[in-house]
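S.K.: If you scroll down you'll find the structure; I have some questions about it.
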Amino acid sequence: MTAAGGVRCRVAEGRSDLDTCFAVRKEVFVAEQGVPEDLEYDEYDVGAVHVLAVRGADGAPLGTGRLLTGAAAAVKNGGDATVGALGRLAVLRSARGLGVGAELVRAIEDAARGRGLGAVDLHAQTHALGFYERLGYVAYGPEFPDAGIPHRAMRKALR
């Protein structure tokens with residue numbers, strides 16, 4: 001998928017892409033937000049669909065996110081394996097405000113549709129609720145802490 005401004009989102013392929021996704025997450029979550037590294041990477045990374053956003057001109061990484069499916073998604077969303085779980089959405093500071101996050105969400109939703117899923121759930125940091133609401137997600141349930149950061153569960157039905 002190529003977005004305005006030359007941003008291209010694609011499913012990560014191979015070890016190099018996966019390492020790039022992890023490096024983006026480390027920069028955003030561990031270095032910027034202070035999430036302990038041992039909490040950032042988990043057992044779900046192995047089976048996840050990782051999506052990478054790169055700059056079209058030179059392929060420089062801009063952001064990443066992941067989609068959990070099946071039993072892994074069900075653990076995250078309360079037991080429904082027909083609902084995907086979007087997570088670990090991270091955009092490098094230099095790429096924020098360029099629409100990269102929205103393009104990543106759309107690419108992850110496309111990956112979910114391609115796997116026959118009817119909806120996508122996510123746990124949003126509360127400061128990002130408006131971002132996800134603009135993309136069609138609806139918050140539900142109470143606020144809860146994750147890695148010491150307040151979150152809310154959100155869901156979007158896919159059409």
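The values are calculated or read from the model by the stated rules, or taken from the named source; none is laboratory data. Computed from a prediction, not measured in an experiment: that's the story for all the values here. Here the Cβ positions follow ideal geometry from the backbone for every residue, glycine too, while neighbour counts run over all protein chains shown.
S.K.: So which residues in the stretch 93-121 are over 15 Å from G63 (Cβ atoms) and assigned to a loop (DSSP other than H, G, I, E, B), if there are any at all?
M.R.: R115, G116, L117, G118
S.K.: Further question: May I ask you to list the residues in the stretch 56-74 that are surrounded by fewer than 22 Cβ atoms within 10 Å (Cβ to Cβ) and touching a helix residue (DSSP H, G or I) at 6+ places or on another chain (Cβ under 6 Å)?
M.R.: Correct list: G56, A57, P61.
S.K.: For the stretch 46-59, does any single residue satisfy the condition of being under 21 Å from K76 (Cα atoms) and either at pLDDT below 95 or assigned to a helix (DSSP H, G or I) (or both)?
M.R.: Yes - at least one qualifying residue is present in the stretch 46-59.
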